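Visitor: The following block contains the structure, expressed as structure tokens.
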Amino acid sequence: MAAPATRRTPIPAGLSADALLEIYYYLRLTRSLEERLVNLYRQGKVIGGLYCSLGQEGQSVGSAYALQPGDILSPLIRNLGSMLVMGTTPVDLFRQYMAKGTGPTHGRDTNVHFADLAKGYLGNISHLGDMVPVMAGIALSFRMRGERRVGLVHVGDGATSTGAFHEGVNFAAVQRVPLIVIIENNGYAYSTPTFRQTAVKRLAEKAKAYGVPAETVDGNDVFAVYESTKRAVERARRGEGVTLIEVVTYRRKGHAEHDDQRYQPQEERQHWARQDPLDRYLHRLVAEGWADEAEVRALDERVATELDAAVAAAEHEPLPHGDSALSGVLADPPEAERLWYRRQ
């Protein structure tokens, strides 16, 4: 590997040179992994839908990178970047999307409806705001136990118009729980433009109703997302409660691979393609002298090699055996003498 580039300007946000390269690794890994998933989907090897985050990877990686071990994150269907930062592996993601018996849910579910609390992420039960009250309860448990842990939950712009969002944020605000709510404003709730489902100009304005602080940041600026999330995390650890962060970004693909995007104007997509978060991050990384092209190329090659191995492994692993559908459905029954309904 070539010698590191001369550092011409100070690195922002308290990050190190190694951290900058690690963030780039996760950005590239997210983008490339989803490209592999698209190829597998078109080959009929992905079971179920495929929801890509093209154009939104920066906010997923930047926000999760501000967390620490012990924190809990609840991702949405377009937050593979967050899950990778938290420690999930590409091979497990391929197994999950291909419904392999070796996958995290052993072929029972697809998408991101799976959890690994040891790694710090909780699979979503719905992408329509329902994880806000769930994460409010988890964060409340941190506060009640006196733990300096925080929770972070992703919601979409459409979710901010749901009852679950309102109830969850209101409860979290009143209880002053250590929770960060990331509102991914990508312009559309499926095919509904944001202005058709809410009257506020900025979704962060909704925080006023709950008495909590909020910020609106450029979701395609990884540094801005990281710094905003870091401030919210530090505030939560100090016992100062909830923060809402609206990340303004854009979903450059359809809601899912089957969506032809006819409701998105072509010029709008072209505009946001010029705001690509990976391109912007890479340009600044090199232009500021924080990394050189050899370092970047080495990371690109590392990602390609890791994904080649992960796809090869997952593709050749078996689907779940039929009999396995009966295992893990119910908890092991308690001892008979402890069953209250059998006591005389």
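Visitor: Would you pull out the residues with amide H under 5 Å of Ala189's amide H, same chain only if 5 or more places away, H placed 1.01 Å from N?
Guide: Here the answer is Thr194, since their amide H atoms fall under 5 Å of that of Ala189.
Visitor: Another question, then. Considering the dipole of the range 12-322 built from charges on the beta carbon (Lys and Arg +1, Asp and Glu -1) around the Cα centre, which of Val61, Ala273, Gly123 is farthest to its positive end?
Guide: Gly123
Visitor: Which residue, Gly44, Gly137, Gly120, has the most motion in a Gaussian network model of the chain that connects Cα atoms within less than 10 Å?
Guide: Of the options given, Gly44 has the highest mean-square fluctuation.
Visitor: Might you report the magnitude of the Cβ-based charge dipole of the chain about its Cα centre, with Lys and Arg at +1 and Asp and Glu at -1, to the nearest 20 debye? Walk me through the numbers before you get to the answer.
Guide: Values: 40 positive and 43 negative charges, 197 e Å.
That gives the chain a dipole magnitude of about 940 debye.
Visitor: How big is the chain by Rg and Dmax over its Cα atoms, in Å?
Guide: Gyration radius and largest Cα-Cα distance of the chain: 21.0, 80 Å.
Visitor: Amide H to amide H, which residues 5 or more places from Tyr121 or on other chains are under 5 Å from it, using H placed in the peptide plane?
Guide: Under 5 Å from the amide H of Tyr121 lie the amide H atoms of Leu73, Asp116, each far enough along the sequence or on another chain.
Visitor: Could you work out how far the C-alpha centroid of the range 160-228 sits from that of the range 254-277, in angstrom?
Guide: 22
Visitor: Let me ask another. Per-residue counts of other Cβ atoms within 10 Å, averaged by peptide: what ranking do you get for 310-320, 282-292, highest first?
Guide: Numbers: 310-320: 14.9, 282-292: 16.6.
Sorting 310-320, 282-292 by mean packing, highest first, produces 282-292, 310-320.
Visitor: Step through the residues of the range 135-149 one at a time and calculate ³J(HN,Hα) from phi using the Karplus curve (6.51 cos²θ - 1.76 cosθ + 1.60, θ = phi - 60°), rounding each to whole Hz and writing x for Gly and Pro.
Guide: Running phi through 6.51 cos²θ - 1.76 cosθ + 1.60 with θ = phi - 60° gives 5, 4, x, 5, 5, 4, 5, 4, 5, 5, 8, x, 8, 8, 10 Hz.
Visitor: While we're here: Could you sort 27-36, 188-197 so that the peptide with the highest average Cβ count within 10 Å comes first and the rest follow in order?
Guide: Numbers: 27-36: 21.0, 188-197: 14.6.
Final packing ranking: 27-36, 188-197.
Visitor: Under the Karplus relation 6.51 cos²θ - 1.76 cosθ + 1.60, θ = phi - 60°, what is the ordered set of whole-Hz ³J(HN,Hα) values for the range 222-234, x standing for Gly and Pro?
Guide: Going residue by residue, I get 4, 5, 5, 5, 4, 5, 5, 5, 4, 4, 5, 5, 5 Hz, with x marking Gly and Pro.
Each value in this text was obtained by applying a stated rule to the coordinates, not by laboratory testing. No experiment lies behind these values; they were computed from the predicted model shown. As a convention, Cβ positions derive from the backbone with ideal geometry for all residues, glycine included, and neighbour counts pool all protein chains shown.
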